[in-house]
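For reference, the structure discussed in these notes is given below.
What follows is calculated from the coordinates using simple rules that are stated; it is not laboratory data. Please read all numbers here as calculations on a predicted model, not as lab measurements.
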Amino acid sequence: MTMLRTVKAIAKRSQDTILQDAVGMAALVVILVAGLHIPSFV
């Protein structure tokens, strides 16, 4: 329960940058997936 409260508190404090963080995380996932698929193209 404490961990959930901590995550909620962090999310509340960082509301200004949460969209930028989500876009950055999505970009990292795209880079990871692309990097994992590159060997199949060679």
> Using just the C-alpha positions of the chain as equal point scatterers, what log10 of I(q)/I(0) does the Debye formula give at each q in 0.23, 0.25, 0.29 1/Å?
Replying inline: -0.78, -0.82, -0.91
> To the nearest 10 degrees, how steep is helix 2-13 against the longest Cα principal axis of the chain, on a 0 to 90 scale?
Replying inline: 90
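On a full-extension model of 0.36 nm per residue, what is the gain between S14 and L32, subtracting their alpha-carbon distance, rounded to one decimal in nm?
4.0 nm
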